[in-house]
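Just so you know, all these numbers are worked out from the coordinates, no wet-lab data involved. All values reported here derive from a predicted model rather than from experimental measurement. Cβ coordinates were reconstructed from backbone atoms using ideal geometry, including for glycine residues, and neighbour counts include every protein chain displayed.
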Amino acid sequence: MKAYKKKLVKKQSSFHVKRGDNVFILAGKDKGKQGIVRLVDRDVTKAVVDGINIVNGKERLIHISNLKVVTE
């Protein structure tokens with residue numbers, strides 16, 4: 001078997017979305033919906049949004065590039 005080197009991924013220091021932000025979904029099956037960010041996972045650059053991306057009754061992560069912060 002071939003040995004693979006582990007890729008080092010540089011973590012982004014800050015994101016445009018934070019916990020508690022009201023966001024608009026730009027892509028995916030919930031495109032066009034809005035929700036509030038519950039969790040931001042910096043390791044995989046994804047977030048959990050209330051009521052969005054529900055699979056088998058559980059909320060799944062959505063990539064932050066598919067989120068846009070709504071300002072009122």
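Please list, in order along the stretch 23-30, the HN-Hα scalar couplings obtained from phi with the Karplus expression 6.51 cos²θ - 1.76 cosθ + 1.60 (θ = phi - 60°), rounded to whole Hz, x for Gly and Pro.
Along the stretch 23-30, the couplings run 10, 10, 8, 8, 8, x, 5, 9 Hz.
Looking at the square roots a ≥ b ≥ c of the eigenvalues of the Cα gyration tensor of the stretch 22-69, which shape do they give, rounded for a/c under 1.5, prolate if a/b is larger than b/c, or oblate?
Values: a/c = 1.45, a/b = 1.05, b/c = 1.38.
It comes out rounded by the Cα gyration axes.
Residues with amide H under 5 Å of residue 21's amide H, sequence separation 5 or more or different chain, H placed in the peptide plane at 1.01 Å from N; which?
Hits under the 5 Å cutoff: 37.
Residue 24: net charge of surrounding residues, Cβ under 9 Å, Lys/Arg +1, Asp/Glu -1, itself excluded? Don't skip to the end; give the middle numbers.
Numbers: positive: 33, 68; negative: none.
Around residue 24, the surrounding residues sum to +2.
Can you run phi through the Karplus equation (6.51, -1.76, 1.60; θ = phi - 60°) for the stretch 52-68 and list ³J(HN,Hα) in whole Hz, with x for Gly and Pro?
10, 6, 8, 10, 6, x, 10, 7, 9, 6, 10, 5, 5, 5, 9, 10, 10
Do you know the relative contact order of the stretch 22-69, to the nearest whole percent, from alpha carbon pairs under 8 angstrom that are 6+ apart? Let's see the in-between values first.
Values: 82 pairs, mean separation 17.3, N = 48.
About 36 percent, as a whole number.
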